[in-house]
Amino acid sequence: MDRPVRVRFAPSPTGFLHVGGLRTALYNFLFARHHRGKFVLRIEDTDRSRYVEGATENLIRTLKIMGLQYDEGPDVGGEYGPYLQSQRLELYRQHAQQLVESGHAYYCFCTPAELEAMRKRQEAAKQPIMYDGTCRRLTAEEVQKRLKQGKPYVVRLKMPREGETRFSDLIRGDVAFQNELIDDQILLKSDGYPTYHLANVIDDHYMEISHVIRGEEWLPSVPKHLQLYKAFGWEPPQMAHLPLLLNPDRSKLSKRQGDVAVEDFLEKGYLPEALINFVALLGWNPGTDQEIFSLQELIEKFSLERVNKSGAVFDLNKLNWMNGHYIRELPEEKRVAFLTPFLKKAGYDVSDPEKTRKVIAAIYKRIERGIDVKEQAAIFYQDHLEIREPEAREILQKESARTVLRTFLQKIAPLHELDVQTFSQVMKEVQRETGFKKQDLWMPIRVALTGVTHGPDLPLVIEILGKAKIESFVRQVLSAEN
Ligand code: GLU
């Protein structure tokens with residue numbers, strides 16, 4: 001590696017951070033930290049038609065939550081700024097001009113209607129849809145005349161019409177493109193804004209980016225970019241194109257099959273460290289069976305050599321499993337701080353911190369995401385027992401169950417309080433007196449206290465519900481018709 005490592009994440013602020021964007025940002029971050037290089041955030045905001053108010057701030061906030069701290073960027077500054085492309089427009093214009101003068105680009109005056117007619121003609125003739133080079137053939141005088149007339153124009157790249165553009169991608173190996181199939185890309189639009197291609201190349205050069213690490217969807221842009229580097233006489237960065245992210249049916253990961261915005265995952269109660277760990281494995285393989293990695297471990301182990309070429313399937317079940325793991329591994333205090341807002345959002349009363357702590361202790365092993373507390377904690381917040389399963393109802397209809405519950409009620413009646421110890425004592429007596437044991441003994445109690453046939457350990461349930469509620473639920477069950 002001859003140049004100092006400088007990599008960038010260059011999102012366009014079009015709304016939210018896609019998980020694919022998170023992976024790109026993460027791999028750039030890991031690569032930079034592994035090589036003790038710099039990680040740059042550059043905002044590519046030159047497409048005014050796709051501009052979304054607040055999207056840049058959103059992106060920055062999400063990257064921070066995810067712990068992907070960059071060394072240079074719009075809000076932290078740096079020697080290579082500005083880091084917002086909309087603040088670098090003059091640079092792009094000058095360079096577009098320079099390309100026209102050196103004969104590597106040309107003015108194109110074709111109107112939208114003319115381009116549309118061209119597209120229709122090509123479609124009908126079953127030809128590739130691309131600019132046909134009309135304005136490439138204009139003489140210098142014709143160009144001057146149109147400019148004087150004040151005709152709107154764009155600047156297009158003069159792609160060579162023959163030969164191939166080859167390059168070696170750090171992930172995909174040797175890649176070749178036939179030049180004749182590559183369009184004369186617009187570099188500068190009629191509104192004076194650059195397109196992605198022009199701005200991206202100029203910035204990667206002036207920001208001294210050593211490695212471009214980005215999604216595979218940008219691979220077809222490479223020949224255009226290499227042509228630009230050549231025209232400017234610049235050395236291109238090394239390139240690494242990351243495999244596509246796929247749905248389980250191997251279609252391209254899209255909003256239609258579920259969430260793709262990192263913000264949505266955070267809102268559902270995925271932990272940043274779990275998302276990072278999961279996304280790190282979407283395309284990179286550590287070469288061992290290890291699945292759980294801290295950010296520090298990822299920095300140590302990450303290498304582009306271990307990034308696969310083939311698409312990476314986004315397996316939500318695996319993410320859920322991993323998130324459950326991270327929730328279980330949190331220190332209790334952090335777990336309570338993380339899950340309490342989800343209890344609150346579910347409409348449960350979290351004003352008693354001791355009860356909240358106990359509820360979380362009772363359910364955290366049974367959840368995978370923050371929002372799962374709604375269902376799992378429901379049993380602790382009902383005033384009136386709700387029997388929520390047909391199996392539970394069947395159990396309560398058995399005479400044996402009613403005997404157990406009647407005896408249980410008699411035994412707890414004289415007690416002041418019901419704690420874990422007295423409960424265990426009571427259950428021994430109920431067993432002795434009724435002769436029922438195991439499921440026949442415990443299940444009626446569980447169902448009468450929670451309304452369902454599964455859930456946290458009963459002693460935990462007892463402690464949280466307290467005697468008054470327990471008594472009232474059991475009474476309710478016994479007084480119900482069967
Ligand atoms: N602005 C492009 C994007 O939105 C950047 C692609 C690249 O990294 O070159 O992803």
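The values are calculated or read from the model by the stated rules, or taken from the named source; none is laboratory data. Only a predicted model underlies this, so the values are computations on that prediction, with no experimental measurement involved. Cβ placement follows ideal geometry from the backbone for every residue including glycine, while neighbour counts extend to all protein chains displayed.
Taking (1) under 17 Å from Ile171 (Cβ atoms); (2) more than 11 Å from the ligand (Cβ to nearest atom) in turn, Asn28 satisfies each apart from (2). Looking at the stretch 139-153, can you tell me whether even one residue there is under 26 Å from Leu181 (Cα atoms) and surrounded by 13 or more Cβ atoms within 10 Å (Cβ to Cβ)? Scanning the stretch 139-153 turns up at least one residue that is under 26 Å from Leu181 (Cα atoms) and surrounded by 13 or more Cβ atoms within 10 Å (Cβ to Cβ).
Taken over the stretch 185-215, the residue count meeting the criterion of being touching a residue at least 60 places away in the same chain (Cβ under 8 Å) and outside any strand (DSSP E or B) is 16.
Restricting Phe423, Phe408 to those that are under 30 Å from Thr340 (Cα atoms) and of a type outside the set (S, T, N, Q) reduces the list to Phe423.
Pairing residues of the stretch 48-70 that are under 14 Å from Ser86 (Cα atoms) with residues that are at pLDDT 95 or above, at Cβ distances under 6 Å and at least 6 apart in sequence or on separate chains, gives Thr56/Ile43.
Each residue in the stretch 15-24 was checked for being more than 10 Å from the ligand (Cβ to nearest atom) and in a helix (DSSP H, G or I), and 3 pass.
When each of Asn28, Asn58 is tested for being polar (S, T, N, Q) and buried (at least 19 other Cβ atoms within 10 Å of the Cβ), the lone residue that passes is Asn28. Filter the stretch 175-213 down to the residues that are under 24 Å from Pro160 (Cβ atoms), surrounded by 15 or more Cβ atoms within 10 Å (Cβ to Cβ) and small (Gly, Ala, Ser) and list them by number. The one that is under 24 Å from Pro160 (Cβ atoms), surrounded by 15 or more Cβ atoms within 10 Å (Cβ to Cβ) and small (Gly, Ala, Ser): Ala199. How many of the residues making up the stretch 217-229 are surrounded by fewer than 18 Cβ atoms within 10 Å (Cβ to Cβ) and in contact with a Ser or Thr (Cβ under 9 Å, 6 or more places away or on another chain)? Within the stretch 217-229, residues that are surrounded by fewer than 18 Cβ atoms within 10 Å (Cβ to Cβ) and in contact with a Ser or Thr (Cβ under 9 Å, 6 or more places away or on another chain) number 1. Has the stretch 424-436 got any residue that is in contact with a Pro (Cβ under 8 Å, 6 or more places away or on another chain), closer than 14 Å to Val461 by Cβ and not charged (D, E, K, R)? Within the stretch 424-436, one or more residues are in contact with a Pro (Cβ under 8 Å, 6 or more places away or on another chain), closer than 14 Å to Val461 by Cβ and not charged (D, E, K, R).
Being within 13 Å of the ligand (Cβ to nearest atom) and in contact with a strand residue (DSSP E or B) (Cβ under 7 Å, 6 or more places away or on another chain) is the requirement here; does Ile186 meet it?
On the way: within 13 Å of the ligand (Cβ to nearest atom): no; in contact with a strand residue (DSSP E or B) (Cβ under 7 Å, 6 or more places away or on another chain): yes.
The answer is no for Ile186.
Number of residues in the stretch 211-237 that are under 26 Å from the mean Cα position of the chain (by Cα) and away from the ligand (no atom under 13 Å from the Cβ) equals 0.
When each of Lys365, Lys355, Lys398, Lys374 is tested for being charged (D, E, K, R) and closer than 21 Å to Asp419 by Cα, the lone residue that passes is Lys355.
Conditions (1) in a strand (DSSP E or B); (2) within 14 Å of the ligand (Cβ to nearest atom); (3) surrounded by fewer than 18 Cβ atoms within 10 Å (Cβ to Cβ), marked per residue:
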{"site": "Pro4", "(1), (2), (3)": "no, no, yes"}
{"site": "Pro13", "(1), (2), (3)": "no, yes, no"}
{"site": "Ala32", "(1), (2), (3)": "no, no, no"}
{"site": "Phe39", "(1), (2), (3)": "yes, yes, no"}
{"site": "Val52", "(1), (2), (3)": "no, yes, yes"}
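For the stretch 47-75, the set of residues classified as modelled with pLDDT of 90 or more and under 25 Å from Lys189 (Cβ atoms) consists of Gly54, Ala55, Thr56, Leu59, Pro74, listed by residue number. Contact annotation: residue pairs with Cβ atoms under 8 Å, 6 or more positions apart or on different chains, pairing a residue in the stretch 329-353 that is in a loop (DSSP other than H, G, I, E, B) with a partner that is of a type in the set (S, T, N, Q), are Val350/Thr340; Val350/Thr356.
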